[in-house]
Amino acid sequence: MKKRIAGICAALALTAFVGCGTTSTVKGSGLKGKAPKMNPGKTVIIDYQGSELGGEIPQWVIELANGNYGETALARVMPDIKGKKTFVTIGYGDNLDFVRQWTDLVDVETEVASTLSRVAAKAVQASMTGSGAKEGNARADATKTEQTMDMYRTSLTSVRFSGLEKTAQYWTLSQVTRGKETSDPQYAYYAVWTIDKDLFDKQLEAAMKNVDETSTEEKALKDMVRQKLASELSVASNDSTVADAADEYIVYAE
């Protein structure tokens, strides 16, 4: 996993096994306010939302920090999102107001279309590259793959996804020690957005309308991409490594 995810993951995941405090909304994260200073591994959580009131880091934040981007996994710790299509925005930076503004005030409809376009192109590339390797015509297949990827990008970015509502948000502040060097403190800000599943499916279908499916192979490819976009969690971030990791999760999900 990428360095940033691994660092935050180590801090949050390990704290899940320390302490036994719970709250009415999230149980078992084990990270409570006013607790002794923690230094699990090389990452230290300096501050987090609700620490002054003795709250815990919610389990859904821990799941995302661990790179668990599956929509089903997130729904297990966020019952309110069951039956809805879910998106996540994650911002990083040294200024809380900046990352909060990027994550909360981002044009989420545009980000959703952009993220779905990016994921679809990667799914197409992975599928067609694999097929091309089997057929042994790499040069011709590369041209066709790029053309097909562009078709999906154009179709998905042409539709504005409306009806998204912010369901939850949370921030943490941490720093990483490597040898004798300690990084500057950095905020991570998470926001979860949801949309009615039927409404999303209708908008996705409109976006996919211009994708060619004249051949059996093209129809199978379109069905595969549609299924991934409809059933898997999509993540937008101002850190490309996080977005790439989330894309890979979707692209290679069974």
Failed criterion for Met224 (all others in (1) more than 25 Å from Ile90 (Cα to Cα); (2) among the hydrophobic types (A, V, I, L, M, F, W, C); (3) open to solvent by less than 20 Å² (accessible area, probe 1.4 Å) hold): (3)
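Can you give me the number of residues within the range 58-77 that are in contact (Cβ under 8 Å) with a residue 60 or more places away in the chain and under 23 Å from Asp47 (Cβ atoms)? So that I can check it myself, show each step before the final result.
Step one: filter the range 58-77 for residues in contact (Cβ under 8 Å) with a residue 60 or more places away in the chain, giving 58, 60-61, 64-67, 69-71, 74.
Narrowing further to those that are under 23 Å from Asp47 (Cβ atoms): 58, 60-61, 64-67.
Qualifying residue count, the range 58-77: 7.
For residues in the range 166-188 being of a type outside the set (Ser, Thr, Tyr) and open to solvent by less than 40 Å² (accessible area, probe 1.4 Å), which is nearest to Gly55 (Cα to Cα)? Working first, answer last.
Of all residues in the range 166-188, those of a type outside the set (Ser, Thr, Tyr) come to 166, 168-169, 171, 173, 175-176, 178-181, 184-186, 188.
Now restrict to residues that are open to solvent by less than 40 Å² (accessible area, probe 1.4 Å): 168, 171, 173, 176, 188.
Numbers: Ala168: 15, Trp171: 13, Leu173: 15, Val176: 23, Ala188: 17 Å.
Filtering first and then ranking leaves Trp171.
So is Gly130 on the phi > 0 side of the Ramachandran plot, free of Cβ contacts under 8 Å to residues at least 40 places away in the same chain and over 22 Å from the mean Cα position of the chain (by Cα) or not? Spell out how you get there, then give the answer.
On the way: on the phi > 0 side of the Ramachandran plot: no; free of Cβ contacts under 8 Å to residues at least 40 places away in the same chain: yes; over 22 Å from the mean Cα position of the chain (by Cα): yes.
Answer is no for this residue.
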Return a yes/no flag: does the range 191-200 have any residue that is touching a strand residue (DSSP E or B) at 6+ places or on another chain (Cβ under 9 Å), at pLDDT 90 or above, open to solvent by 50 Å² or more (accessible area, probe 1.4 Å) and within 21 Å of Leu96 (Cβ to Cβ). no
In the range 227-254, residue most open to solvent (accessible area, probe 1.4 Å) [restricted to those that are of a type in the set (A, V, I, L, M, F, W, C) and outside any helix (DSSP H, G or I)]: Ala253
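For the range 166-204, what are the residues that are among the aromatic types (Phe, Trp, Tyr) and part of a strand (DSSP E or B)? Spell out how you get there, then give the answer.
Step one: of the range 166-204, the residues among the aromatic types (Phe, Trp, Tyr) are 170-171, 187, 189-190, 193, 200.
Within the range 166-204, Tyr170, Trp171, Tyr187, Tyr189, Tyr190, Trp193 meet the criteria.
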Tell me the residue from Thr182, Thr110 that is touching a residue at least 12 places away in the same chain (Cβ under 8 Å), out of contact with any helix residue (DSSP H, G or I) (no Cβ under 6 Å at 6 or more places or on another chain) and of a type outside the set (Asp, Glu), please. Thr110
Failed condition for Val211, given (1) open to solvent by 20 Å² or more (accessible area, probe 1.4 Å); (2) over 22 Å from Leu164 (Cα atoms): (1)
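The values are calculated or read from the model by the stated rules, or taken from the named source; none is laboratory data. Predicted model, so just to flag it, every value in this text is computed and none were measured. Neighbour counts run over all protein chains shown; Cβ positions are idealised from the backbone, glycine included. When the accessible area is computed, the model is the full protein with side chains, heavy atoms only, and any ligands, DNA or RNA have been set aside. Shrake-Rupley method; radii C 1.70, N 1.55, O 1.52, S 1.80 Å.
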